[in-house]
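Only one structure is covered here, and it is reproduced in the block below.
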Amino acid sequence: MAEKMHLSFIIFVMTGFIIFVYVNSTTHLVGDKLGWNLPGYPKYYQDWANNHTFVVGDKLVFQYHPGIGTVLHVNKEDFDNCTNRNTIRTYFRGNSTVPLDRPGDYYFFCSVGKRCELGQKLWVRVQGKTSRKALM
Ligand SMILES: *[C@@H]1O[C@H](CO)[C@@H](O)[C@H](O)[C@H]1NC(C)=O
Ligand SMILES: *[C@@H]1O[C@H](CO)[C@@H](O)[C@H](O)[C@H]1NC(C)=O
Ligand SMILES: *[C@@H]1O[C@H](CO)[C@@H](O)[C@H](O)[C@H]1NC(C)=O
């Protein structure tokens, strides 16, 4: 009997934890209505990023058609120069979801033509989750 209560308590706590994590993660549609496309002005995606708060556990969704867009996850140097010398990961199948699973800076650009130079690039700073850490 005591053991059963103990187990149900654990399940109760774990369920609460899972719901907590679920409720506290946000999926960000990159660029909102524009999606992942050539922006109207070069700083568009940086403005978009400044309008959002990114926390560990969140996801980015890049909405684009395969063949006319890519998402390259790169380091800062490649981001600054629109080069792909040290690509961390390439997404090209369209509508890519990128999990933000650690704190820090994430850099992305589109490797098609001169799109990166024209502003189809995104830098987001992801914050650690202090409340989640406290719970764990
Ligand atoms: C950022 O937020 C401002 C103020 O709400 C808004 O006017 C602007 O269009 C937003 N820009 C982007 C790129 O989301
Ligand atoms: C790339 O950009 C960095 C700045 O982040 C700069 O210091 C470096 O010289 C550039 N490298 C090339 C090959 O252009
Ligand atoms: C991407 O998502 C949009 C909106 O949900 C949808 O209209 C489009 O067909 C999707 N494209 C691909 C390649 O999955």
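At a glance:
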{"quantity": "Point-to-point label distance, N84-Y41, nm (Cα→Cβ direction, 7 Å offset)", "calculated": "2.9"}
{"quantity": "Burial ordering of R102, R125, fewest other beta-carbon atoms within 10 Å first", "calculated": "R102, R125"}
{"quantity": "Pairs of Lys in segment 41-136 closer than 21 Å at Cα, counting only those 8 or more apart or on different chains", "calculated": "9"}
{"quantity": "Tensor-based shape of segment 56-105 (alpha-carbon gyration tensor, a/c under 1.5 rounded, otherwise prolate or oblate)", "calculated": "oblate"}
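A short reminder: the numbers here are calculations on the coordinates, not readings from a lab. Everything numeric in this text was worked out from a predicted model, so none of it was measured. As a convention, Cβ positions derive from the backbone with ideal geometry for all residues, glycine included, and neighbour counts pool all protein chains shown.
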